[in-house]
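I have placed the structure first, in the form of structure tokens, so that the comments after it can refer back to it.
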Amino acid sequence: MQLDHSFTVPAHPDDAWKLFQELDRVAPCMPGAVLDTLDGDSFTGRVKVKVGAVQMSYRGEGTVTRDAAARSMLLDLSGSETRGAGTASALVTATLTVDPAGTLVRVRTDLDITGRPAQFGRGIMTEVGDRIVRQFATRLEDLLRDAGPAASAVHTTGTADTLQGRRATEPEAIDLGAAALPVLLRKAAAPTAAVLLAVVMIHALRRRSRR
């Protein structure tokens with residue numbers, strides 16, 4: 001399925017683009033994700049997902065391809081459940097453009113997923129994605145605000161030690177069930193209202209027939 005999201009960050013596109021080059025700093029902004037290794041344009045990591053009482057952990061790898069002139073980057077991701085047969089793969093394209101608020105980031109995801117999360121349809125996955133992207137944007141905005149525009153120019157050391165520490169850290173699970181519940185309730189609202197209306201009408205007709 002194809003998912004489209006966008007968000008803005010309060011930074012000049014050049015500064016935002018510099019920060020996006022540093023996956024070891026940007027990756028922790030993504031809910032549920034931990035970056036384990038980073039070797040040039042290749043990386044490995046983990047994602048933990050929660051659906052109700054069931055938790056699933058994914059381990060995967062990816063590569064990044066950048067187009068500096070277009071301020072665009074392509075992430076080729078693939079992973080599988082550590083305890084299960086579920087798989088996930090995605091091609092994620094992020095493009096940065098000028099916006100009155102700073103930088104507009106458009107994200108297009110071509111997602112292929114199997115296993116238990118695949119029970120959610122495209123509409124629910126889109127809204128779940130919206131919630132995750134909003135969390136990511138908020139954390140990224142905090143990072144930009146705290147670091148300042150010159151941070152990417154001075155961030156040149158400590159990457160190996162930082163990743164070593166994260167390898168021992170379990171990611172906090174993304175609760176897809178909680179994120180999907182409001183959507184499921186909205187989808188159920190119309191059929192429920194129709195059933196209630198039918199019950200009321202039948203009851204009214206029965207009362208008339210008895211008079």
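Observations, loosely collected:
- Extreme residue, most open to solvent (accessible area, probe 1.4 Å), among residues of the stretch 89-112 that are without any contact (Cβ under 8 Å) to a residue 40 or more places away in the chain and among the aliphatic types (A, V, I, L, M): Leu91
- Lone qualifier among Ser6, Ser57 - being among the polar types (S, T, N, Q), over 17 Å from Asp110 (Cα atoms) and either modelled with pLDDT under 90 or surrounded by fewer than 17 Cβ atoms within 10 Å (Cβ to Cβ) (or both): Ser57
- Among the numbered conditions (1) among the aliphatic types (A, V, I, L, M); (2) in contact (Cβ under 8 Å) with a residue 40 or more places away in the chain; (3) surrounded by 13 or more Cβ atoms within 10 Å (Cβ to Cβ), the only one that Leu74 does not meet is (2).
- Of the strands (runs of 3 or more DSSP E) that lie entirely inside the stretch 1-118, those containing 3 or more residues that are touching a Pro at 6+ places or on another chain (Cβ under 9 Å) and over 16 Å from Ala137 (Cβ atoms) span 42-51.
- Flag if Ala33 is open to solvent by 60 Å² or more (accessible area, probe 1.4 Å), within 26 Å of Trp17 (Cα to Cα) and either among the small types (Gly, Ala, Ser) or without any contact (Cβ under 8 Å) to a residue 12 or more places away in the chain (or both): no
The values are calculated or read from the model by the stated rules, or taken from the named source; none is laboratory data. Here the structure is a predicted model, which is why all the values come from computation and not from measurement. Glycine gets a Cβ as well: all are built from the backbone with ideal geometry, and neighbour counts include every protein chain shown. When the accessible area is computed, the model is the full protein with side chains, heavy atoms only, and any ligands, DNA or RNA have been set aside. Shrake-Rupley method; radii C 1.70, N 1.55, O 1.52, S 1.80 Å.
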